[in-house]
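Visitor: Sending over a structure as structure tokens; questions will come in a sec.
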Amino acid sequence: MKILFELFVTLFKIGICTFGGGIAMLPILERELTEKRGWTTSEELMDWFAIGQSTPGIIAVNVATFVGHKKAGIAGACVSTFGMVCPSIIIITLIAVFVSNFADIEWVQKALTGINVAVAAILTNAVYNFSRKAVKNILGFLLLVISFVLIFYFKVSTIYIILGSALLGVLLAAFRGDFSKGGQDND
């Protein structure tokens, strides 16, 4: 019961800070879940983040579900997911009940403009840190550059980039003979 309470409280606190969502959440998740609590490793978090990014739903919620499942099984996954989404549910409900035309309020517009600037800085930092951890060799760097060019300049859907990268990874592992080594990691 104690771990379920810890999961809920920790992910509730993280859920309060979901401005920017997606990759902007990565530094917060890493600090709280890896560095502070030791509930996961950076590598696991990156893997869960990648899976969470390529599956339906909010990335941070998907990652919270994985963390909860690792710590306390299905009950942990449910409690963690609820902890992550609960602040948003509360805030959206309060806005819907008490404030009509919320987006038209001048101070709200100014606050959101400031938040957008902060989120841009957080995203830049998160992308930099994420790429430092994810790109481990020249092939990874080339894949990063090619993916960026295909997405940004040629407007290729990210799903094709993800599928192509996964296929390339499987082909390279097969070529190196990694599958015949019993799944051992040779990095």
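Visitor: Here is a check on your reading of the model: is residue 143 modelled with pLDDT of 85 or more, more than 25 Å from residue 29 (Cα to Cα) and open to solvent by less than 80 Å² (accessible area, probe 1.4 Å)? Step through it out loud before you land on a result.
Guide: On the way: modelled with pLDDT of 85 or more: yes; more than 25 Å from residue 29 (Cα to Cα): yes; open to solvent by less than 80 Å² (accessible area, probe 1.4 Å): yes.
Taking the combined requirement at face value, the residue satisfies it.
Visitor: Considering only residues of the range 35-46 that are under 23 Å from residue 82 (Cβ atoms) and part of a helix (DSSP H, G or I), which is most open to solvent (accessible area, probe 1.4 Å)?
Guide: Of everything passing the filter in the range 35-46, 36 is most open to solvent (accessible area, probe 1.4 Å).
Visitor: Just for the range 99-127: of the residues that are open to solvent by less than 90 Å² (accessible area, probe 1.4 Å) and of a type in the set (Val, Ile, Thr), which one is nearest to residue 27 (Cα to Cα)?
Guide: So, considering only residues that are open to solvent by less than 90 Å² (accessible area, probe 1.4 Å) and of a type in the set (Val, Ile, Thr), the one nearest to residue 27 (Cα to Cα) is 122.
Visitor: Further question: Is the range 74-85 home to any residue that is open to solvent by 70 Å² or more (accessible area, probe 1.4 Å), in a helix (DSSP H, G or I), within 29 Å of residue 37 (Cβ to Cβ) and touching a residue at least 24 places away in the same chain (Cβ under 8 Å)?
Guide: Yes; the residues of the range 74-85 include at least one that is open to solvent by 70 Å² or more (accessible area, probe 1.4 Å), in a helix (DSSP H, G or I), within 29 Å of residue 37 (Cβ to Cβ) and touching a residue at least 24 places away in the same chain (Cβ under 8 Å).
Visitor: What number of residues in the range 86-108 are outside any helix (DSSP H, G or I) and among the polar types (S, T, N, Q)? Talk me through it step by step, then tell me what you get.
Guide: Here is the first cut: in the range 86-108, the ones outside any helix (DSSP H, G or I) are 99-101, 105.
Applying the additional criterion that residues be among the polar types (S, T, N, Q) yields 100-101.
Going through the range 86-108 one residue at a time, the tally reaches 2.
Visitor: Now for a separate question. When you go through (1) open to solvent by 20 Å² or more (accessible area, probe 1.4 Å); (2) under 18 Å from residue 133 (Cβ atoms); (3) in a helix (DSSP H, G or I) one by one for residue 62, which number turns out not to apply?
Guide: All conditions pass for residue 62, except number (2).
The values are calculated or read from the model by the stated rules, or taken from the named source; none is laboratory data. Note that the structure is a prediction, hence the values are computed from the model and not measured. Neighbour counts run over all protein chains shown; Cβ positions are idealised from the backbone, glycine included. Ligands, DNA and RNA are stripped out before the accessible areas are found, and what is left, the full protein with its side chains, is counted by its heavy atoms. Shrake-Rupley method; radii C 1.70, N 1.55, O 1.52, S 1.80 Å.
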